[in-house]
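Comments concern the structure below.
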Amino acid sequence: MWEDVVPKRKLGIISPLSIIDASAYEFYQLAPPGVMAVMSGLGLTEFSAQDVERVFAPLDALADKMMDRGIDAIVQSGAPLPLLIGLEAHDRIVAQLARRTGKPATSTMLAVGAAARQLGIRRIAVANKWSDAMNGMLAQFFARAGVEVVGVVSELKVPSEYTKMGLPEYLDIAYRFGREAFAEHTEADGIYMGGGAGLMQPELERLEREFGKPVISNQNAM
């Protein structure tokens, strides 16, 4: 009798954030009807390999709790964590999630690469709030997906800074960074806008209308 009410699929999402608000709001705007997000935050506080190791230490226990909620698949969400630990460590974490849950497992970075391929993007410009080292690793993730990073627009901020931004400020930054990336790198087939702590999708759609090229984010790629 509850066929039209209960979700048809549950997607487990392991987020780097301590508090999850905007990403959940946008998830339900973008996801197909009948899909429920089962979200858990890790509480990353700084961009360092040491902090990534700290938040991933209880990964098996977290996966078990996700299974208690009846998930159908699981995602390591967020780009900063894999960008700090590299390709091999990222692959081990995705494999660990698949092995522990017995369910399909993936990540934001795999979704972003798949989205770029599906949209036919071969050259991409990126815009984010990450360090040069993180953007260097980002280029390696894209290269593995067959996509060349042709330029970067970045303004480094630590997690504690951007999680305190108001949603209008986050939208403004997304549009400003996106315009700059398109203007400086006209050779790009599209852009990737990193970050997921605030709202971005309305401004990304505005950029797509303005420049006639796709804009990928963590959220819409997933």
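The apolar share of the surface of region 1-68, taken as the fraction of accessible area on carbon and sulfur atoms (1.4 Å probe, ligands and nucleic acids excluded), comes to 57 percent. Each Lys or Arg adds one and each Asp or Glu takes one away; over the other residues whose Cβ falls under 14 Å from the Cβ of residue 68, this sums to +2. Across region 48-137, C-alpha contacts under 8 Å between residues 6 or more apart give a mean separation that, scaled by the residue count, equals a relative contact order of 34 percent. If you add up the charges near residue 13, with Lys and Arg at +1 and Asp and Glu at -1, over every other residue whose beta carbon is less than 14 angstrom from its beta carbon, what do you get? That sum, taken over residues with Cβ under 14 Å, equals +2.
Sites listed here are trypsin sites (Lys or Arg not before Pro) in region 33-82 whose DSSP assignment is loop and whose Cβ has at most 13 other Cβ atoms within 10 Å: 69.
Atom-type composition of the exposed protein surface of region 103-222 places 50 percent of the accessible area on carbon and sulfur (1.4 angstrom probe). Any idea what log10 I(q)/I(0) is at q = 0.08, 0.09 Å⁻¹ for the chain, Debye with uniform C-alpha scatterers and no solvent? At q = 0.08, 0.09 Å⁻¹ the computed log10 ratios are -0.27, -0.34. Reducing region 77-116 and region 35-69 to their Cα centroids gives an inter-centroid distance of 12 Å. Peptides 73-80, 6-13, 29-36, ordered by how many other C-beta atoms sit within 10 Å of their residues on average, highest first, read 73-80, 6-13, 29-36.
From the helices alone, meaning DSSP H stretches of at least four residues, give me the mean residue ellipticity at 222 nm for the chain, per-run term -39500 (n - 2.57), in deg cm²/dmol to the nearest 500.
It lands at -14500 deg cm²/dmol.
Computed from Cα atoms, the angle from the helix 87-101 axis to the main principal axis of the chain rounds to 30 degrees. Which loop-located GluC sites (Glu not before Pro) does region 70-173 contain, where loop means any DSSP state but H, G, I, E or B and the Cβ has at most 16 other Cβ atoms within 10 Å? Filter output for region 70-173: 155. Over all orientations, region 103-211 has a Cα convex hull whose mean projected area works out to 7.4 square nanometres. Against the chain, whose longest principal axis comes from its Cα atoms, helix 167-184 is set at around 50 degrees. Computed over protein heavy atoms with a 1.4 Å probe, the accessible surface of the chain works out to 48 Å² per residue. Would you mind classifying region 18-133 by shape? Square roots of the alpha carbon gyration tensor eigenvalues, ordered a ≥ b ≥ c; an a/c under 1.5 is rounded, otherwise it is prolate if a/b is larger than b/c and oblate if not. Taking the square roots of the gyration eigenvalues as a ≥ b ≥ c, region 18-133 is rounded. Dividing the mean sequence gap of close Cα pairs (under 8 Å, 6+ apart) by how many residues the chain holds gives a relative contact order of 21 percent.
The values are calculated or read from the model by the stated rules, or taken from the named source; none is laboratory data. Quick caveat: nothing in here was measured; it's all calculated off a predicted structure. Every residue, glycine among them, receives a Cβ derived from its backbone with ideal geometry; neighbour counts consider all protein chains shown. Note: accessible area is taken over every heavy atom of the protein model, side chains too, but ligands, DNA and RNA are not part of it. Shrake-Rupley method; radii C 1.70, N 1.55, O 1.52, S 1.80 Å.
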